[in-house]
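The structure appears below as structure tokens.
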Amino acid sequence: MCDGAATRGINAAARKWIPLAVVIVTAYNYGMSDDGWHGFDFAVPLIPLPNLVMFPRAVQFLHIFEPRYKTMMTDLLAQDDGRRFLATALLTSNYEAKYYTNHADIHEIVCLTEIVNYERQPDGCFNLFVLGKDRARVRSEDRSGPYRQAELDVLENTVPIDEPTTNDQQRATLAEMLRRSPYDTHAEAERCLEWINSDLPFGDVLDLLSFYLLPHEEVELRQNLLGEPHAHRRADLLVGHLSTLGQVIEVRQRRHQSWPPDPGVN
């Protein structure tokens with residue numbers, strides 16, 4: 001397997017190893033502008049994961065130790081064009097019997113990511129630092145090799161420019177939620193408020209909040225947000241999810257349970 005695929009502690013490690021302050025800087029340093037991006041026409045390796053939903057603009061560490069994905073990394077590093085892209089996909093339920101094959105079912109909306117740094121271990125394993133690029137729909141797959149490859153249709157992050165009032169209202173709603181209990185004590189509330197109040201595109205803000213605020217074990221909620229390219233609809237979904245989650249958190253707090261939960265514990 002690949003850590004981040006079915007193991008613990010990866011998100012805790014990501015938070016420990018890289019400050020969230022560098023997420024946006026890193027994203028834009030690595031060319032996150034959409035100019036000329038949506039027309040790529042090459043297949044990328046596809047990694048199906050049971051408990052990780054990546055988002056555009058977010059960063060994540062992955063530890064690669066399963067043989068097929070070690071082969072994938074060797075193939076990627078051997079390419080002369082320097083392309084180091086892969087797509088992460090969420091497995092659907094009842095995947096266990098087919099996990100070690102190339103035929104486990106996945107959700108069709110995936111996250112295209114770029115490997116921006118890697119470390120090869122003496123045993124042939126890899127530590128990867130991946131950066132989310134875009135949400136995409138799987139157009140076709142090649143399952144004949146040691147690992148899956150997919151051709152993708154990148155989905156445009158739709159933010160209607162003729163509805164600035166809606167953008168401002170939804171930003172204000174999210175900011176107000178983070179200033180109130182229980183989110184005002186969340187470890188990442190301050191950083192998320194900075195993103196909301198910044199001049200970052202609204203769609204990017206929503207993706208970052210979805211990745212860093214929603215518990216990583218809530219994969220179906222996160223997949224719903226990844227699968228919605230329209231920013232205003234995605235904002236409504238995120239507000240609804242955070243409102244419901246906030247109620248659960250307050251119940252836990254009344255029972256003296258800590259918040260946020262350890263992201264490395266399922």
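Brief remarks on what is shown
- For the pair Glu119 and Asp80 in one chain, pulling the backbone fully straight at 0.36 nm per residue adds 12.2 nm over the alpha carbon distance.
- For the range 68-191, convex hull volume per residue from C-alpha positions, Å³: 192 Å³
- Protection proxy ranking of 75-84, 214-223, 138-147, 200-209, by the mean of other Cβ atoms within 10 Å over each peptide's residues and highest first, is 200-209, 214-223, 138-147, 75-84.
- ³J(HN,Hα), Karplus 6.51/-1.76/1.60, whole Hz, each residue of the range 122-139, x for Gly, Pro: x, 8, x, 6, 9, 9, 10, 10, 10, 10, x, 9, 7, 7, 8, 10, 6, 8
- For the pair Asp168 and Glu218 in one chain, pulling the backbone fully straight at 0.36 nm per residue adds 15.3 nm over the alpha carbon distance.
- Taking amide H atoms as placed 1.01 Å from N in the peptide plane, the amide H of Ala89 lies under 5 Å from those of Ile47, Leu49, each 5 or more residues away in sequence or on another chain.
- Shown here are the Rg and Dmax of the Cα trace of the range 97-256, at 18.4, 55 Å.
- Dividing the radius of gyration of the alpha carbons in the range 135-203 by their Kirkwood radius gives 1.22 for Rg/Rh.
- Distance histogram for the range 88-129 (every C-alpha pair counted, 10 angstrom bins, percent rounded to whole numbers): 24, 31, 39, 6
- Binning the alpha carbon pair distances of the range 164-254 at 10 angstrom intervals from zero yields the distribution 16, 55, 27, 2, expressed in whole percent.
- When the charge dipole of the range 164-254 is built from unit charges on Cβ atoms (+1 for Lys and Arg, -1 for Asp and Glu) and taken about the Cα centre, the candidate among Pro201, Thr165, Thr244 whose Cα reaches farthest toward its positive end is Thr244.
Any read-out appearing in this document is the output of simple, stated calculations on the displayed coordinates, not a laboratory observation. Bear in mind that the values here come from a model prediction, so they are computed numbers and not experimental data. Neighbour counts run over all protein chains shown; Cβ positions are idealised from the backbone, glycine included.
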